[in-house]
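In what follows, a single structure is set out as structure tokens and then discussed.
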Amino acid sequence: MFEYEIDRMNHAQLVREADARRLSHEAAASASRKPRSARRTTEEPTDDDGGPTRFTRAA
């Protein structure tokens, strides 16, 4: 039983380390993205029949 408890603690530690690594990668990726003001707007022109420009709202 004691070996089982040690294995469970090791597993829990590995899960915590994996979560921490994933969060640090996500934080680094979001820091390298463009700021919100530089991103595209939620409305984009669509090309349909060459008529007047129409806008659609992004989902």
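Here Asp19 fulfils each of the conditions (1) surrounded by 10 or more Cβ atoms within 10 Å (Cβ to Cβ); (2) modelled with pLDDT under 60 apart from (2). Return yes or no: is Arg39 loosely packed, with under 10 Cβ neighbours inside 10 Å, at pLDDT 75 or above and within 22 Å of the chain's Cα centre (by Cα)? No; evaluated as a whole, the condition is false for this residue.
The values are calculated or read from the model by the stated rules, or taken from the named source; none is laboratory data. Since we're looking at a predicted model, the values are computed, not measured. When we count neighbours, we look across all protein chains shown, and the Cβ atoms used for this are built from the backbone with ideal geometry, even at glycine.
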